[in-house]
């Protein structure tokens, strides 16, 4: 069973939705059979966003009227706190996350994708990091990569060139083809889609429904295979 998730590290909704999905997954009895694949979606891309500040970015990506923005931000922080996530929405810069996404692509080849994604989100939304260089800084990315055990030499090498840029572009192209305009965006088994910051129970419900359909599809295939199987008891035996 496959779950594809398009997200970006500067989106608080992506951060919160990831935690909710992770919690739903812990409640899913067949969680060991679920393959989660994170897809790149760069909110900072110039031809997509015209925002010049963090608040403008949130307004555009979350479709929040300016009159409701302050209240919405307060609610988001409370929601994150309930999920035990550090989330500060003041003072961070609008940044390019291409290198961070490229690093995630490399981490996926080492089986450390999910751990790295958690660290990137946490770093970006932690208050103590606001006055420092953020996750568009390669030294910061190297430090974060080291924390999850990625090879330092390989990380420095890929960040100095354009390695994995094509993989990021493919994700962005796929998002365009599918019609994804905002993140987070979840696709379950290439069939069911969920957009935005959904409740934990909704994630769990879609996981269970997707699994149920997979089981029914497999059973049907097994029945069809059984019905068309040839039985041979000798050279002149015909297929039944």
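Tell me, in nm to one decimal, what length is gained between residue 178 and residue 156 on full extension, where the rule is 0.36 nm per residue of separation less the Cα-Cα distance?
Here the answer is 4.6 nm.
Distance between the 7 Å Cα→Cβ label points at residue 195 and residue 138: 3.7 nm.
The calculated FRET efficiency for the pair residue 202 and residue 147, based on their C-beta separation and a Förster distance of 30 Å, comes to about 0.40. Cα convex hull, the range 2-227: 143 Å³ per residue, rounded to a whole number. For the peptides 21-33, 114-126, the ranking by packing is 114-126, 21-33, with the highest mean count of neighbouring Cβ atoms within 10 Å listed first. Inter-label distance, residue 66 to residue 33: 5.2 nm, where each label sits 7 Å from its Cα along the C-beta direction.
No lab work stands behind these numbers, since they all come straight from the coordinates. These numbers come from a predicted model, not from an experiment. Positions of Cβ are generated from backbone atoms using ideal geometry, with glycine treated the same way; all protein chains shown enter the neighbour counts.
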